[in-house]
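Heads up: the structure comes next, in structure tokens.
The values are calculated or read from the model by the stated rules, or taken from the named source; none is laboratory data. Only a predicted model underlies this, so the values are computations on that prediction, with no experimental measurement involved. Positions of Cβ are backbone-derived with ideal geometry, glycine not excepted, and every protein chain shown enters the neighbour counts. Only protein heavy atoms, including side chains, enter the accessible area calculation; ligands, DNA and RNA are left aside. Shrake-Rupley method; radii C 1.70, N 1.55, O 1.52, S 1.80 Å.
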Amino acid sequence: MTEHDFSLCSLTLFSEALQKNQGSWARVTGKSMVPVLKENDLVSISPCLLSQLHYGDIVVFKRQNSLISHRVIKKARRNGELLVMAKADTGFSLETFIGSKELLGKVTLVKKDKGVVCLDTWNARIFGLCLAFFLPCIARLRYLLKKF
């Protein structure tokens, strides 16, 4: 079995566990959700429905054989189907719509070096929304100031 086959197998097993209403832990890779989720943090992912999501929740979804974590910033209906719009906290990337077939769950806990942080609170959601909107602006401002 190749590494690619193994990762596809792992992704499939992980997805199936969440679809059977079994929470799971995963290690964070990437930097799109810094500072809330950092490289090598452990996150607890709980299964949920789109209708159970709140603005500011961090969702985990499957796209092109990858797991992606982004923050919910909007809810919408398209052709009668509920969708959520999510984006990375640190990126300028375009927001993406997520449907029920792609959603795997939401991040409820983050295990860091100094303990466990609960993200399933209103305070955490509001803080996260502020980060999602202001960090890209600050990064862009720093970039512009470096030019001068």
Original post:
Ignoring ligands, DNA and RNA, what percent of the accessible area of the chain is carbon or sulfur (1.4 Å)?
Top reply: 58
**OP:** Would you mind checking the tilt of helix 3-19 against the longest principal axis of the Cα atoms of the chain, expressed as 0 to 90 degrees and rounded to 10?
**Re:** 80
**OP:** Using a 1.4 Å probe and counting only protein heavy atoms, arrange K62, K114 so the residue with the most accessible area comes first.
**Re:** K114, K62
Original post:
Can you give the Rg to Rh ratio of the range 15-66, both from alpha-carbon atoms, with Rh computed by the Kirkwood formula?
Top reply: 0.95
**OP:** First measure r as the distance between the Cβ atoms of K112 and E16, then evaluate 1/(1 + (r/R0)^6) with R0 = 30 Å and state the FRET efficiency to the nearest 0.05.
**Re:** 0.60
Original post:
Under a 1.4 Å probe, what is the accessible area of the chain per residue, stated in Å²?
Top reply: 64
Subject >> Surface accessible to a 1.4 Å probe, K31 within the full protein complex, Å² >> reply: 150
Original post:
Which percent, nearest 5, of DSSP beta bridges in the chain are antiparallel?
Top reply: 100
Original post:
So what J values fall out for the range 115-128 if you push phi through Karplus, 6.51 cos²θ - 1.76 cosθ + 1.60 with θ = phi - 60°, rounded to Hz, Gly and Pro as x?
Top reply: x, 10, 10, 8, 9, 8, 9, 5, 4, 5, 5, 5, 4, x
Original post:
Over the alpha carbons of the chain, what is the largest minus smallest coordinate on each principal axis, giving the biggest first in Å?
Top reply: 52, 39, 31
Subject >> For the chain, size of Cβ-based charge dipole, Lys and Arg +1, Asp and Glu -1, in debye >> reply: 620
